[in-house]
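Read through the structure below, which is laid out as structure tokens, and then see the notes.
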Amino acid sequence: KKQVFARLFPNKPYQEQPLYDVMSNLKKLLHRFLAQQQFESRTLQEELHTIQWAYEHNQFDLFTNRGKQLDKQLEKIPYRDENFFYLNYQYRQMLGYYGGEYVDRSKSEELQSMMDHLDNFYILEKLRNSCHLIAHNILMNTQYDFSILDQVLQYIEEEQSERFADEPAIQLYYTILMTLRNDENPAYYQVLKEMLAGRYDSLSPVEQQDLYSFSYNYCIRKINQGHTDYQIELFNLYQQGLRSGILLNNGIIGEWNYKNITTLGCSLKEFAWTESFINTYKDH
């Protein structure tokens with residue numbers, strides 16, 4: 001500390017408080033930097049905040065110009081996930097109220113779009129979090145109040161053929177939730193298998209991982225219940241997940257997945273494949 005103080009405050013007697021003040025201010029700057037990094041990592045947040053500033057300060061030329069650019073960028077987002085819905089909700093909200101106040105009050109398309117994206121955002125988040133909490137219930141025997149989940153599910157079932165036909169993320173988490181709530185009915189698991197066998201690149205990386213993870217866990221639950229035929233099912237899923245790379249997170253395979261795959265491969269007497277797996281992934 002004394003060496004640092006001497007470099008920062010040359011020719012001054014050593015005192016700890018000025019050094020602590022510098023360290024505290026540096027830490028505050030670090031925290032601001034981390035927050036800024038997080039902000040910049042979020043898709044189109046900077047563009048959205050520019051438009052919000054323009055709207056709130058009546059800079060409507062800037063609002064209109066940047067809004068057109070944001071429209072084009074929103075069309076290029078590859079995944080219709082919660083971020084996509086929430087961005088659209090925030091933007092359509094400004095666009096709708098701006099149009100109603102300054103352009104044409106008789107037009108309601110943007111406000112309707114605002115409501116649709118808000119509903120999609122809420123429904124997707126409700127389903128996704130409910131899936132994880134119900135899975136936690138099963139694993140840890142905990143209890144949660146899921147509030148209006150049943151009403152949300154009823155709405156989805158009534159509207160699913162039209163309202164959510166082009167929303168793969170909502171269909172995914174609805175199906176996962178049904179597998180968790182109807183453990184004895186394999187029909188929903190078969191739908192997950194169809195998703196795995198088809199093209200799922202319209203799902204975000206997080207959603208793809210959940211697709212695999214909940215499929216694995218369904219098989220593990222069935223195996224623990226004595227349905228040994230699901231061992232082959234699970235083994236095939238693990239192999240598929242390794243081929244696609246979805247089992248690795250930033251190049252790391254989870255400890256439990258590594259152990260489960262090894263144990264399962266040995267149980268099925270797939271010794272050559274299992275030895276190859278151990279050696280290939282031991283450094284991951």
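The values are calculated or read from the model by the stated rules, or taken from the named source; none is laboratory data. Values in this document were obtained by computation on a predicted structure and should not be read as measured data. Cβ atoms come from the backbone with ideal geometry, glycine included; neighbour counts cover every protein chain shown. Just the protein is used for accessible areas: all its heavy atoms, side chains included, with ligands, DNA and RNA removed. Shrake-Rupley method; radii C 1.70, N 1.55, O 1.52, S 1.80 Å.
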Residue pairs meeting the criteria (Cβ under 6 Å; at least 6 apart or on separate chains; first farther than 13 Å from ARG42 by Cα, in region 65-92; second open to solvent by 60 Å² or more (accessible area, probe 1.4 Å)): ARG92/GLU110
Checking SER202 against (1) open to solvent by 20 Å² or more (accessible area, probe 1.4 Å); (2) free of Cβ contacts under 8 Å to residues at least 60 places away in the same chain; (3) within 26 Å of LEU242 (Cα to Cα); (4) out of contact with any Leu (no Cβ under 8 Å at 6 or more places or on another chain), only one condition comes out false. Which one? (2)
Would you check which residues across region 129-150 are open to solvent by less than 50 Å² (accessible area, probe 1.4 Å) and either under 15 Å from the mean Cα position of the chain (by Cα) or in contact (Cβ under 8 Å) with a residue 12 or more places away in the chain (or both) and list them? SER130, CYS131, ILE134, ALA135, PHE146, LEU149
Go through region 32-54 and count every residue that is more than 20 Å from PHE85 (Cβ to Cβ) and over 21 Å from the mean Cα position of the chain (by Cα). 5
Only one of LEU70, LEU124 is under 17 Å from the mean Cα position of the chain (by Cα) and open to solvent by less than 50 Å² (accessible area, probe 1.4 Å); which? LEU124
Can you go through LEU172, LEU153, LEU247 and tell me which one is of a type outside the set (Ser, Thr, Tyr), in contact with a helix residue (DSSP H, G or I) (Cβ under 9 Å, 6 or more places away or on another chain), within 30 Å of ASP283 (Cβ to Cβ) and surrounded by 14 or more Cβ atoms within 10 Å (Cβ to Cβ)? LEU247
Verdict on THR175 being closer than 30 Å to ILE77 by Cβ and free of Cβ contacts under 8 Å to residues at least 24 places away in the same chain: yes
Take GLU184 and decide whether it is out of contact with any Cys (no Cβ under 7 Å at 6 or more places or on another chain), outside any helix (DSSP H, G or I), open to solvent by 70 Å² or more (accessible area, probe 1.4 Å) and modelled with pLDDT under 95. yes
State whether the residues of region 9-17 include one that is more than 22 Å from PHE121 (Cα to Cα) and part of a helix (DSSP H, G or I). yes
Lone unmet requirement of (1) open to solvent by 50 Å² or more (accessible area, probe 1.4 Å); (2) free of Cβ contacts under 8 Å to residues at least 40 places away in the same chain; (3) out of contact with any helix residue (DSSP H, G or I) (no Cβ under 8 Å at 6 or more places or on another chain); (4) not hydroxyl-bearing (Ser, Thr, Tyr) for LEU118: (3)
How many of the residues in region 246-271 are among the hydrophobic types (A, V, I, L, M, F, W, C) and in a loop (DSSP other than H, G, I, E, B)? 3
Among the residues of region 100-115, write down those that are part of a helix (DSSP H, G or I), free of Cβ contacts under 8 Å to residues at least 12 places away in the same chain and either open to solvent by less than 60 Å² (accessible area, probe 1.4 Å) or touching a His at 6+ places or on another chain (Cβ under 6 Å) (or both). GLY100
Quick one: is TYR91 under 30 Å from GLU162 (Cβ atoms), aromatic (Phe, Trp, Tyr), open to solvent by less than 90 Å² (accessible area, probe 1.4 Å) and part of a loop (DSSP other than H, G, I, E, B)? no
